[in-house]
Structure formats: structure tokens, C-alpha cells
Amino acid sequence: MTSFSLPIDTPRLLLRSFQPDDYDALCVYQPLREVQRYLEIPIRDKADVLTSLNLMRRQVSLQRPGDTLTLAIVRKHDKRLLGQVSLRWADATASQGEIRFALDPRHSGNGYASEAVRAVLDLAFDQFKIHRVSARCDGRNHRSAKLLQKLGMRLEAHYREHALFQGEWDEELHFAILDREWRRSSKVRDLPVNTPRVA
Amino acid sequence: MTVHPDYPILTERLALRPFSRGDVDAVYAYRSREDVARYLFDPPLSREECAEAVQQRIGQIAFELEGDKIVLAVDLRESGALIGEMSLIWRSAEARQAEIGWIFHPDHHRRGYAREAASALLDLAFDKAGIHRVMARCDAHNIASARLMERLGMRREAYFRQHAVVKGKWDEELIYAILASEWQRQREPALDANLRRFPPLGEAR
């Protein structure tokens, strides 16, 4: 895979690798119930946050299938850590990727997550030549679902009660976008179409 | 949980029973066909491969551990002819999940046999095995299979586009599912009449 340079610069954000002094900011949002559902490891306490930080600090490039690149979402003007976004290279033959993101809820509603995910989609398709990128979210997390749909990702799956998470039935949405769908959407503005919902 | 159904499982026209060594020719008759293999992960099977598959299936008749499969031969009761196979896989013990599947000889398509056999197996999954949700998957081009899932009252939960490469081609996959409560409701006659008046969205397309 080709090299790329960090940090990634977007209008309001910098996406950079995680650093040891990000720990305190992570402690604020990673253990939250709605956040940890889609993190790589379960996070219940501060010790888990440290494990997570050490893991994320090693996720700096995509060299082989299974690798994950994780970036800290930092606000430019005050250098504040707002959240995290990652891209996993899942399958070499079919060139698949998965995006995950989490934002400190105190900073949600400002379009920061959207700006960060957009930059990572660019990276996935332009730099890493990934064919299809998917993302998952909880069926009750309307904010994330809306964000992914606004970026042009299609709802591909809506699983109902397919698993248990912390003793409760889970509901999960899968979104995906193909490389050609992403490229087109950056140049052409389609008329709104009434796409049938999956579920 | 252990589930050891009594065999054969009888429906109006069919008998579902464990495979036996004499079934190899009947299995080879459909698993060797290109039009059957098109929508399966396996290519057409040789007779030796069919013999191996049958051998493996002989023991797949009960749920004892997560991951166990129940794979049954489907016979026509009238003639005793083997026309296809049904499978039920125990995917998760904790969340009580299972996956259902079927393969039928094309000569016996379009007579409602698969639907009849699948209904019997869904009864088994929900009533005997205490399963909470049964899912099924098929290639997105396999219209007949997708239609059957909809007729069974399964909801389309997923349409994955170009999510993998199978046999050198982009794979597109549909996933359908039904919850125990949905299957139960469907078996109640009054609600069933309502379902006919207001068919699931899938059937209108």
C-alpha cells in the first residue's frame, strides 16, 4: 500500500496518530455505553482506556489485510481531542474496508465526525484503492445513521435481535459505499431518489 | 440445550429424514448440476464429493453444541423419491440464533416443496429448539430463493453489494430473517388473513 502523510488536514480538523497525553481526553468518552459498543475492545474503566490508547498508538498504517489505521480527531484552533476515527483493511482479494468512529458527545452536532469520516473515505479510496467501505452503528443511534447516509453510504443491512450486547437484544445497521459511488458523489449532485429501505 | 427431533418429520407431501448411505446417487443428480451450483459456494460436485457430503450428513441430525447442523434429506411421501435437502445451523447459543438453508433438484422446483419443508424446519427451530431468530442468505441473483424467503414471512435484513469475491466474481448477498414472535403471529389464522390483505412490501415489488 502506498504511503501517505500525517496529519491529514481538513477545514476545521487535524487527523493525527494518538499520543500518550491523549489519555485524559479518552477517559471522558471511551467508557460511555453508547461509545464502547463499536470500539475494538470493551472499555469499562480507566485501565481499559490505557490498553485502548496503547493499541491505537500502534495502528499507524495499513500494510496487510487485518491492519487498522486509527487517527485522533483534533480541532485545529485549540488542538483539542474530539474523538477518533479508524479504517480497517478487511479483505485483500475483494479490497474491503471498514470505518469506525467515536466522538466525545460534548462536541457532537457540529459536523466534526462527518468531516473526519469524509477525509478517511478519501484516504480509503484514493490512497489505499479500497473497493468498498462499510460502517456499522447501533439501530437506535440515529445521529450516526444520518451522518453515514448524508455521506452517500447506502443502508445495506438492518439486523434485528441478532445478538445480545450487555444482556440486551441488539439492533445493528450496516452502511456501505463503493469506490465509484464515492467518486461520483464528489463531482455530480444527483437528484433525490426514493431508494427503497432495506428493512 | 440438546435437540433430538423424532424422524421422519412429516408434512402434507414430504418426509424430512436423516441422510443414509444409499442417498449418494440422488444427491449427485442435483449437486452435479451447473444450474444448482451457480448460487452455492461450492462448484458442481463429483460423485466422490457427493459420497463424502452424504457421509458427513448422516451424523448431522441434532443440536448438542453451538455450531451443530441438522441436515435432512427431503423425500416425496408418495413416491419416496429424494428431491432435495434442508439444513438448520445453530449459530449462537447465547443469542439463540440459527440459519436455515435448502437445495432442491430443479425438476421439483415451483411446486411449493421448499416452502413446505422450510415451514416444518422453522417450526422445529422455534418450537423445539427455542431459537429466537432464524436467518437465511442467498445470492442476490437467486430470485426464486429470495422470493421463497419472503413467502415464509422473512424480512430482508441485508443486501450486501460487492462485499466479497466468490469464484472469481463480485459477490452480492441477501440476508433474510424472522423472529420467533413473527413466525408465531403468522401461524395465527386471523392475522394470516390480514397478512394476505396487506402483503409484506417485498411481495408487491
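At 1.4 Å probe radius, can you tell me the per residue accessible area of the protein assembly as shown in Å²? Could you put the intermediate results ahead of the total?
Details: 20840 Å² over 404 residues.
Result: 52 Å² per residue.
What FRET efficiency would be calculated for the residue pair A:His142, B:Glu52, taking the C-beta separation as r and a Förster radius of 35 Å, to the nearest 0.05? Display every interim value, and only then the final one.
Values: r = 50 Å, r/R0 = 1.42.
Efficiency computed from Cβ-Cβ geometry: 0.10.
Nothing charged except the Cβ atoms of Lys and Arg (+1) and of Asp and Glu (-1): what's the magnitude of the dipole of segment B:31-84 about its Cα centre? Round to the nearest 20 debye. The partial results should precede the final answer.
Values: 7 positive and 11 negative charges, 37 e Å.
My answer is approximately 180 debye.
Dipole size in debye (nearest 20) for segment A:1-124 around its Cα centre, Lys and Arg Cβ +1, Asp and Glu Cβ -1? Could the numbers behind the result be given before it?
Working: 17 positive and 15 negative charges, 31 e Å.
Roughly 140 debye, rounded to the nearest 20.
By the gyration tensor of its Cα atoms, with a ≥ b ≥ c the square roots of the eigenvalues, what is the shape of the protein assembly as shown: rounded for a/c under 1.5, prolate for a/b over b/c, or oblate? Please report the intermediate quantities before stating the final value.
Working: a/c = 2.11, a/b = 2.02, b/c = 1.04.
Prolate shape, in that a/c is at least 1.5 and a/b is the bigger ratio.
Any idea what diffusion coefficient chain B gets from Stokes-Einstein, in µm²/s, Kirkwood Rh on alpha carbon pairs, 37 °C, 0.692 mPa s?
Numbers: Rh = 17.7 Å.
D, rounded to a whole number, is 185 µm²/s.
As an exercise, use a Förster radius of 41 Å and the Cβ-Cβ distance of A:Cys27 and B:Gln186 to find the FRET efficiency, rounded to the nearest 0.05.
Values: r = 49 Å, r/R0 = 1.19.
E between A:Cys27 and B:Gln186, to the nearest 0.05, is 0.25.
In the neighborhood of A:Trp169, defined by Cβ-to-Cβ distances under 12 Å, what is the net charge if each Lys or Arg adds +1 and each Asp or Glu adds -1? Walk me through the numbers before you get to the answer.
Values: positive: A:Arg140, A:Arg160, B:Arg96, B:Arg133; negative: A:Asp138, A:Glu161, A:Glu168, A:Asp170, A:Glu171, A:Glu172, B:Glu94.
Summing Lys and Arg as +1 and Asp and Glu as -1 gives -3.
How crowded by other chains is B:154-167, given as the mean number of beta carbons from other chains within 10 Å of each beta carbon? Walk me through the numbers before you get to the answer.
Details: counts 0, 4, 6, 10, 9, 8, 6, 7, 8, 11, 6, 7, 2, 0.
Rounded to a whole number, the mean comes out at 6.
So which lysines can B:Lys128 reach, going by Cα to Cα under 25 Å and dropping same-chain residues fewer than 8 places off?
Candidates past the 8-residue exclusion: B:Lys69.
Under the 0.36 nm per residue contour assumption, what length would be gained going from the current alpha-carbon distance of B:Ser20 and B:Ala140 to full extension?
Details: separation 120, 0.36 × 120 = 43.20 nm, distance 3.24 nm.
Answer, rounded to one decimal: 40.0 nm.
Greater than 25 Å separation of Cα atoms is the criterion. Which listed pairs, A:Lys46/A:Lys79; A:Lys46/A:Lys150; A:Lys46/A:Lys76, meet it?
Values: A:Lys46/A:Lys79 23 Å; A:Lys46/A:Lys150 34 Å; A:Lys46/A:Lys76 27 Å.
Distance filter (> 25 Å) returns A:Lys46/A:Lys150; A:Lys46/A:Lys76.
What is the calculated FRET efficiency for B:Asp123 to A:Ala47, with r their C-beta to C-beta distance and R₀ = 45 Å, to the nearest 0.05?
On the way: r = 48 Å, r/R0 = 1.07.
The value I calculate is 0.40.
Testing the spin-label approximation: label points 7 Å from Cα along Cα→Cβ at A:Tyr38 and A:Leu164. State their distance in nm.
Label at A:Tyr38, label at A:Leu164, 2.4 nm between them.
Please work out whether segment A:1-160 counts as rounded, prolate or oblate from its C-alpha gyration tensor, where a ≥ b ≥ c are the square roots of the eigenvalues and a/c under 1.5 means rounded, while otherwise a/b larger than b/c means prolate and anything else oblate? Display every interim value, and only then the final one.
Working: a/c = 1.30, a/b = 1.14, b/c = 1.14.
Because its axes are fairly even, with a/c under 1.5, segment A:1-160 counts as rounded.
With charges only on Cβ, +1 for K and R and -1 for D and E, what is the dipole size of the protein assembly as shown about its Cα centre, in debye, rounded to 20?
Values: 62 positive and 58 negative charges, 332 e Å.
In debye, rounded to 20, the protein assembly as shown gives about 1600.
So for segment A:78-176, what percent of the C-alpha to C-alpha distances run longer than 17 Å? Display every interim value, and only then the final one.
Working: 2642 of 4851 pairs.
Here the long-distance tail beyond 17 Å is 54 percent of all Cα pairs in segment A:78-176.
Starting at the first residue of segment B:99-104, write each ³J(HN,Hα) from the Karplus equation 6.51 cos²θ - 1.76 cosθ + 1.60 with θ = phi - 60°, in whole Hz, x for Gly and Pro.
My calculation for segment B:99-104 gives 10, 10, x, 8, 9, 10 Hz in order.
The values are calculated or read from the model by the stated rules, or taken from the named source; none is laboratory data. All values reported here derive from a predicted model rather than from experimental measurement. So basically every Cβ, Gly included, is an ideal-geometry build from the backbone, and we count neighbours across all protein chains shown. To get the accessible areas, we keep the full protein, side chains included, count just its heavy atoms, and leave off ligands, DNA and RNA. Shrake-Rupley method; radii C 1.70, N 1.55, O 1.52, S 1.80 Å.
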